[in-house]
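Notes for the one structure printed next.
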Amino acid sequence: QVQLMESGGGSVQAGGSLKLSCVLSPYIYSTYCMGWFRQAPGKEREGVAAISTGSGITYYTDSVKGRFTISQTNAKNTVYLQMNSLKPEDTAMYYCAAKSYCSSDWSADFPYWGQGTQVTVSS
């Protein structure tokens with residue numbers, strides 16, 4: 001029932017920036033945990049970042065701390081991933097996902113997923 005739509009992917013050179021967007025609809029829960037995941041060819045899917053739309057608390061995987069920022073709109077149905085200082089190893093398909101709340105294992109057990117948007121970073 002819940003649908004997610006990502007946008008904003010593209011191709012950039014190393015050191016560049018991209019901003020990804022994810023829209024969730026319908027917003028049937030009072031709050032969500034909304035996250036960004038990525039999967040590169042031959043690699044396991046990894047959680048990149050997440051935000052609790054209720055508390056505003058954010059979570060990041062170590063490799064993107066200081067470079068990526070997850071944020072939300074006041075309406076809480078849209079989240080962004082601002083990606084700065086991009087590296088070739090950031091190249092992946094990026095997926096938006098949602099669950100009812102951010103558990104202690106913030107990257108686990110997301111039932112709702114978008115279709116993905118490609119991010120390619122060249123050296």
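The values are calculated or read from the model by the stated rules, or taken from the named source; none is laboratory data. Bear in mind the structure is a predicted one, so any value in this text is a computation, not a measurement. For neighbour counting, all protein chains shown are included, and Cβ atoms are generated from backbone atoms with ideal geometry for every residue, glycine included. To get the accessible areas, we keep the full protein, side chains included, count just its heavy atoms, and leave off ligands, DNA and RNA. Shrake-Rupley method; radii C 1.70, N 1.55, O 1.52, S 1.80 Å.
Annotations
- Qualifying residue in the stretch 23-45 (condition: in contact (Cβ under 8 Å) with a residue 60 or more places away in the chain, more than 17 Å from the chain's Cα centre (by Cα), loosely packed, with under 13 Cβ neighbours inside 10 Å and closer than 17 Å to T91 by Cβ): no
- Only a single item in (1) β-branched (V, I, T); (2) assigned to a strand (DSSP E or B); (3) surrounded by fewer than 20 Cβ atoms within 10 Å (Cβ to Cβ) is not met by I70, and it is number (3).
- Residue that is among the hydroxyl-bearing types (S, T, Y), out of contact with any Gly (no Cβ under 7 Å at 6 or more places or on another chain), part of a loop (DSSP other than H, G, I, E, B) and touching a residue at least 24 places away in the same chain (Cβ under 8 Å), where the choices are Y101, Y80: Y101
- Set M34, M93, M5: member being part of a strand (DSSP E or B), within 19 Å of S123 (Cα to Cα) and touching a strand residue (DSSP E or B) at 6+ places or on another chain (Cβ under 7 Å): M93
- Scanning the stretch 109-123 for residues that are closer than 21 Å to Q1 by Cβ and either part of a strand (DSSP E or B) or of a type in the set (G, A, S) (or both), we see that the one that is most open to solvent (accessible area, probe 1.4 Å) is W113.
- Against the list (1) touching a strand residue (DSSP E or B) at 6+ places or on another chain (Cβ under 6 Å); (2) modelled with pLDDT of 95 or more; (3) open to solvent by 60 Å² or more (accessible area, probe 1.4 Å); (4) in a loop (DSSP other than H, G, I, E, B), the condition L86 fails is (3).
- For the stretch 8-31, the set of residues classified as assigned to a loop (DSSP other than H, G, I, E, B) and either touching a strand residue (DSSP E or B) at 6+ places or on another chain (Cβ under 7 Å) or over 15 Å from L86 (Cα atoms) (or both) consists of G8, G9, A14, S17, P26, Y27, I28, Y29, S30, T31, listed by residue number.
- Residues (open to solvent by less than 60 Å² (accessible area, probe 1.4 Å) and of a type outside the set (F, W, Y)) located in the stretch 47-62: G47, V48, A49, A50, I51, S52, T53, G54, G56, T58, T61
- Residue in the stretch 63-73 that is among the polar types (S, T, N, Q), in contact with a Gly (Cβ under 7 Å, 6 or more places away or on another chain) and at pLDDT 95 or above present: no
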